[in-house]
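The values are calculated or read from the model by the stated rules, or taken from the named source; none is laboratory data. Keep in mind it's a predicted model, so treat the numbers as computed, not measured. Cβ sites come from the backbone with ideal geometry, for glycine too, and all protein chains shown count toward neighbours. In case anyone asks, the SASA skips ligands and DNA or RNA and just uses the protein heavy atoms, side chains included. Shrake-Rupley method; radii C 1.70, N 1.55, O 1.52, S 1.80 Å.
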Amino acid sequence: QVQLADAGGGLVQPGGSLRLSCAASGRTFSSNRMGWFRQAPGKEREFVAAISGSGGSTYYADSVKGRFTISRDNAKNTVYLQMNSLKPEDTAAYYCAAGTYYSRTPDAYDYWGQGTQVTVSS
């Protein structure tokens, strides 16, 4: 069983930055692939980024590539999403997720955080 607590969202102006964090419980954190997804009102949950258990491999949606960076600290059981050059279209609830293999599909992940709201607006 893995419990995830994501945090760090807020209101930011276009062009600004935020860093989301996701703290995980459980002794097998380093074996889990971790992902970030987001969901805007009226839209489906979409893949943002993912990272392998060791942190050696990362994957990004085209819409965030070059602006967002996913990382993890296995000693702290925490995964991060650094978001730079934020745009209004990045506004959404952001969720971290844990799974046993890499996927861009939400159904492939077994555990989810409660979500943290990111609003990009002037």
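Assorted remarks:
- All conditions but one from (1) touching a residue at least 60 places away in the same chain (Cβ under 8 Å); (2) closer than 21 Å to residue 10 by Cα apply to residue 109; the one that does not is (2).
- Of everything listed in (1) under 19 Å from residue 32 (Cβ atoms); (2) surrounded by fewer than 16 Cβ atoms within 10 Å (Cβ to Cβ); (3) touching a Gly at 6+ places or on another chain (Cβ under 8 Å), the single unmet condition for residue 72 is (2).
- Residue within region 48-70 that is closer than 16 Å to residue 110 by Cα and of a type in the set (Lys, Arg) present: no
- All positions within region 99-122 that are within 14 Å of residue 2 (Cα to Cα) and at pLDDT 95 or above: 112, 113, 114
- One residue stands out in region 8-33 among those that are of a type outside the set (Gly, Ala, Ser) and at pLDDT 95 or above: the one that is surrounded by the fewest Cβ atoms within 10 Å (Cβ to Cβ), namely 13.
- Selection count, region 75-86, where residues are open to solvent by 80 Å² or more (accessible area, probe 1.4 Å) and either β-branched (Val, Ile, Thr) or in contact with a strand residue (DSSP E or B) (Cβ under 9 Å, 6 or more places away or on another chain) (or both): 1
- Some residue of region 89-106 being closer than 19 Å to residue 12 by Cα, acidic (Asp, Glu) and open to solvent by 50 Å² or more (accessible area, probe 1.4 Å): yes
- Here residue 93 does not fit the description of being under 27 Å from residue 26 (Cα atoms), hydrophobic (A, V, I, L, M, F, W, C) and outside any strand (DSSP E or B).
- Flag for residue 5 being open to solvent by 20 Å² or more (accessible area, probe 1.4 Å), modelled with pLDDT of 95 or more and part of a strand (DSSP E or B): yes
- Where residue 120 falls short, out of the listed (1) touching a helix residue (DSSP H, G or I) at 6+ places or on another chain (Cβ under 6 Å); (2) over 15 Å from residue 12 (Cα atoms): (2)
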